[in-house]
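Just below is one structure, and these are the notes that go with it.
The values are calculated or read from the model by the stated rules, or taken from the named source; none is laboratory data. The structure displayed is predicted, hence computed values, not measured ones. Positions of Cβ are generated from backbone atoms using ideal geometry, with glycine treated the same way; all protein chains shown enter the neighbour counts.
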Amino acid sequence: MTRLFLLLLLAMLSAAPRAENYAQRDDVRAFVQDMRDKHGFDADNLNALFRQTRPIAAVIKAIMPPKDPGVRSWHTYRGRFVEPKRIAAGRRFMLAHATELAAAEERFGAPADIIAAIIGVETIYGKQLGRFGTFAALTTLAFDYPPRAELFRKELEELLLLAREESRDPLAYTGSYAGALGLPQFLPSSRRRFAIDFDQDGRIDLAASAADAIGSVANFLAEHGWERDAPIAVVVTVAGDGVRALIDEGITPRRTPRQMAAAGVILASVMERNVPRGGDASPESLDADAAMPDRPAALIDLITPQATTEYRLGYRNFYVITRYNRSSFYAAAVMDLAAALRASK
């Protein structure tokens, strides 16, 4: 799908905000029929929802790829999330919800600082929840954004199922332009599958209950294979002819450091960047093998234009964080924000 087509689509949506309602469209009618056949929804009720819904041009504008994407910069990306205001907000959040974070870590194995860092990266601890009507946003993306229509039609289906399960009006949900909900920014499918009532008040509220958000993030990580007390990633220096081949293998942990060395890659841990929680900050106090565990890992390159590339060995837990957002930059930023929260205690 070309950018020119998307620009034309955006122009059409902007110029015609009161275009025919979605209920009159054949693709929406097919969706309604499918929801009736698969899940027993009342077609008249769904059509009434779609008659009230208009495309949101701002949603298309927000999701479009940048005009000039250029080269991604790890330094720039990291600076957006590991910065003083977010760190300070994170410390306040961790102090206010220390009991819930400790309980989530005990139950699910994911460290409290990683849970807090994810919520910080996603919404700055509730400051940026999004104000789009979720039904309208997902409808816009499901039927007016062809590059990802299949994904967003699935999420629209999940939203309708969620609303039915919770006996809520589908139009009552608000969130990001992409349909993400609450402090942890769960899409409706994740909301249905991984969100839990961690404060045990009889309902799940990811927007108003920090406890539910904390428990739900921890549950998400555990369900995706988080390993208790296991490493996340280690900053390393690399050399050798096999570096590019290892990077091209992707972010799934496949080879131990010893196996990487056998493949012609020389690794050295930057130990002072990987001090265990509560440990001595002196690199001389760390054992090299302990700083670079010989467990399956992936070689991750974090590129910044006109700067030295940073490399990390991403272990299983690093990969698990990328299930939340499928980006090595994202997982590394979560890891670094968590480290900053620990250091600010």
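How many of the residues making up the stretch 327-345 are part of a loop (DSSP other than H, G, I, E, B), modelled with pLDDT under 95 and out of contact with any helix residue (DSSP H, G or I) (no Cβ under 6 Å at 6 or more places or on another chain)?
Total meeting the criteria: 1.
I'm told residue 110 meets every condition in (1) outside any helix (DSSP H, G or I); (2) surrounded by fewer than 21 Cβ atoms within 10 Å (Cβ to Cβ) except one. Can you identify the failing condition by its number?
(2)
I'm trying to understand the selection: among the residues of the stretch 133-153, which are without any contact (Cβ under 8 Å) to a residue 24 or more places away in the chain and either closer than 18 Å to residue 29 by Cβ or surrounded by 23 or more Cβ atoms within 10 Å (Cβ to Cβ) (or both)?
Within the stretch 133-153, 149, 150 qualify.
Would the stretch 253-264 turn up any residue that is touching an Asp or Glu at 6+ places or on another chain (Cβ under 6 Å), free of Cβ contacts under 8 Å to residues at least 40 places away in the same chain and closer than 30 Å to residue 140 by Cα?
For the stretch 253-264, residues touching an Asp or Glu at 6+ places or on another chain (Cβ under 6 Å), free of Cβ contacts under 8 Å to residues at least 40 places away in the same chain and closer than 30 Å to residue 140 by Cα: absent.
For the stretch 48-87, how many residues meet the condition of being surrounded by fewer than 17 Cβ atoms within 10 Å (Cβ to Cβ) and either hydroxyl-bearing (Ser, Thr, Tyr) or not in a loop (DSSP other than H, G, I, E, B) (or both)?
Final tally of qualifying residues: 12.
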